[in-house]
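These notes are about the structure you will find just below.
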Amino acid sequence: MDKIVLITGASSGIGEGCARKFASQGAKLILNARSVDKLEMLAKELKEKYATESYIMPFDVRDRKAASEALASLPDEWKAIDVLINNAGLVIGVDKEHEGNLDEWDIVIDTNIKSLLAMTRMVVPGMVERGRGHIINIGSIAGDAAYPGGSVYCATKAAVKALSDGLRIDLVDTPLRVTNIKPGLVETNFSVIRFRGDKDKADNVYKGIRPLTGDDIAEVAYFAASAPEYMQIAEVLVMPTNQATGTITYKK
Ligand code: 8X3
């Protein structure tokens, strides 16, 4: 694949899986996350394994000024971004809507909605100008229906669906494509952050069921990105075989 792919939240989980998959297929990667060290390690690994060229862009996606400066300072050979993977996202806590911490929810809303929107707003005009581009948003099964303890997170992922659908409508007269991937149970550090660092509670989420991995979701993202140009994978709901909805799973 001869494309420049920008991935937010590339240092772990689904983002890291996407970095590996797209690198293995010959893409050039712009890797974003907060930690320079993790990005440098990943870029080094990708270079050794796949001879991938990576451009590291460390900033907190919530920092709009840093994002805009980083994008503006991309060297010319990296400017023509073909694929934007809006992956950075998180949830903190499993509190009820009338009991949770508003400051934590600000972080979740700012990351999952406002940063995704800002990256889209900053990257897509160049794609429109070039007549080429693909926006892949990592949504969630959580956006399809609210579940206990997930109110705010579910709301942010419902927003990702609306932003994806709205963007697809706005770009309907262009060659650009928009994909919303909605994963169910995927074992990453997602649950560790959800349970505020409690590894046992996080592990418990995936006990008795075979969860998906970041690499599995990366396969879906790559499939969408490598589909023929006339074909738009608009939305994909992908979950373990023993999961049926956001709340119904079969665990052994
Ligand atoms: C994460 C999947 O099942 O925790 O988006 O809502 S779930």
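Hey, with R₀ at 51 Å, roughly what FRET efficiency would Asp2 and Lys96 work out to, going by the Cβ-Cβ distance, to 0.05? About 0.55, to the nearest 0.05. Note on Lys44: lysines with a C-alpha under 27 Å away, same-chain residues under 8 apart excluded, are Lys3, Lys21, Lys28, Lys79.
Each Lys and Arg adds +1 at its Cβ and each Asp and Glu adds -1 at its Cβ; summed about the Cα centre, the chain shows a dipole of about 380 debye. Loop-located GluC sites (Glu not before Pro) across region 29-128 with a Cβ neighbour count of 13 or fewer within 10 Å are Glu97, Glu99, with loop assigned by DSSP. Mind checking the log10 I(q)/I(0) for the chain at q = 0.08, 0.09, 0.13 Å⁻¹? Debye, one equal scatterer per Cα, no solvent, two decimals. Computed log10 I(q)/I(0) values: -0.29, -0.37, -0.79.
From the alpha carbon centroid of region 183-252 to that of region 4-46 is 19 Å. In the chain, helices alone account for a calculated mean residue ellipticity at 222 nm of -12500 deg cm²/dmol, with every DSSP H run of four or more residues adding -39,500 (n - 2.57). Per residue, the solvent-accessible area of region 4-238 (1.4 Å probe, heavy atoms of protein chains only, all protein chains present) comes to 46 Å².
Modelled this way, with points 7 Å down the Cα-to-C-beta line, the labels at Tyr147 and Asp198 are 1.7 nm from one another. Of the GluC sites (Glu not before Pro) found in region 166-232, those that fall in a DSSP loop while having at most 16 other beta-carbon atoms within 10 Å are Glu229. Paramagnetic label reach from Thr241 (point 7 Å along Cα→Cβ; backbone nitrogen cut-off under 17 Å): within region 194-216, residues 208-213, 216. Across the accessible surface of region 4-238, with the other protein chains kept in place and a 1.4 Å probe, carbon and sulfur atoms take up 53 percent. The gain in end-to-end length when the Glu40 to Glu77 segment is fully stretched comes to 11.4 nm, 0.36 nm per residue minus the alpha carbon separation. Our coupling estimate for region 72-82, obtained by passing each phi through the Karplus curve with A = 6.51, B = -1.76, C = 1.60 and θ = phi - 60°, is 5, 9, 4, x, 3, 5, 10, 6, 7, 5, 9 Hz, Gly and Pro reported as x.
The values are calculated or read from the model by the stated rules, or taken from the named source; none is laboratory data. As the structure is a computational prediction, the values presented were derived from the model and not from experiment. Methodologically, a virtual Cβ is constructed for each residue, glycine included, from the backbone with ideal geometry; neighbour enumeration extends over all protein chains shown. Ligands, DNA and RNA are stripped out before the accessible areas are found, and what is left, the full protein with its side chains, is counted by its heavy atoms. Shrake-Rupley method; radii C 1.70, N 1.55, O 1.52, S 1.80 Å.
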